[in-house]
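What follows is a short report on a single structure.
Here, each number is a calculation from the coordinates, and none is a lab measurement. None of the values given here were measured: they were computed from a predicted structure. Note that we place each Cβ from the backbone using ideal geometry, even for glycine, and neighbour counts take in every protein chain shown.
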Amino acid sequence: MQIDEDPSWKDPIIEYLVNENLPDDKAEARKIKQKAARYYMTSDMLIRISYSWPHLTCIKYPQTLEVLCRIHDGECGNHAGGRSLAQKGLSIGYFWPTMRQDSTEYARRCDRCQRYKPVPGLPAEEYHLQNSPWPFMQWAIDLVGPMPTAPANKEMMIVAIDYFY
């Protein structure tokens, strides 16, 4: 029994790697050859060669949602943002071309992330008034009083500032 599947991004690469079939359009054939240099086939699975990560298993649409769900909402999921979610997908060994866009969209649609995300510009908690007079307890100002008149017949006020230990 054959199941009809929608064409995926992997099909032209797999077709080239397995049967060496290329499209008639020269520009398209050149693109597929360049892309295929980063992939290889093993037991009916397309694997992407990666230099900084382990070799990545290539997946397509229905599996991508399952992977994102398990990373984001799973038992050890921390409801990370889109970029972090895509990086975690890479680090556990999965790849598909639209990882960043799909991860960002998945994080935006997460109900719990949208409910409990921090609102920019608001403090983390409410402000509490500081009623302690302690910061002003070390200084004292003494007003000595009116002094003799100065030139131009103005009264002067002498202020003494004391510092208490």
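General remarks:
- ³J(HN,Hα), Karplus 6.51/-1.76/1.60, whole Hz, each residue of segment 40-55, x for Gly, Pro: 8, 9, 8, 6, 6, 10, 8, 10, 9, 7, 10, 8, 9, 10, x, 4
- Ser91-Met41 pseudo-label distance in nm [points 7 Å out on the Cα-to-Cβ vector]: 3.3
- Using the Karplus relation 6.51 cos²θ - 1.76 cosθ + 1.60 with θ = phi - 60°, the per-residue 3J(HN,Hα) values for segment 114-126 come to 6, 6, 10, 6, x, 8, x, x, 9, x, 5, 9, 5 Hz, with x marking Gly and Pro.
- Relative contact order for segment 1-78, counting Cα pairs under 8 Å that sit 6 or more residues apart, in percent: 19
- Among Cys113, Cys76, Cys58, the order by Cβ neighbours within 10 angstrom, fewest to most, reads Cys76, Cys113, Cys58.
- Segment 25-137: relative contact order as a whole-number percent, Cα under 8 Å and 6+ apart: 18
- Charge sum, other residues only, whose C-beta stays under 15 Å from Asp102's C-beta, Lys/Arg counted +1 and Asp/Glu -1: +4
- Taking other C-beta atoms within 10 Å as the exposure proxy, Ser43, Ser103 rank Ser43, Ser103 from fewest upward.
- For Leu85, neighbours were defined as the other residues whose beta-carbon sits under 15 Å from its Cβ, and their charges (Lys and Arg +1, Asp and Glu -1) total +4.
- Global form of segment 47-115, assessed from the alpha-carbon gyration tensor, a/c cut-off 1.5: prolate
- 3J(HN,Hα) from dihedral phi, segment 103-113, Karplus parametrisation 6.51/-1.76/1.60, rounded to Hz, x for glycine, proline: 5, 5, 5, 5, 5, 5, 7, 5, 5, 5, 5
- Inter-label distance, nm, simple model (7 Å from Cα along the C-beta direction), Arg109/Ala124: 3.3
- Taking each of Lys88/Lys117; Lys10/Lys35; Lys33/Lys88 in turn, the alpha-carbon distance tops 18 angstrom for Lys88/Lys117; Lys33/Lys88.
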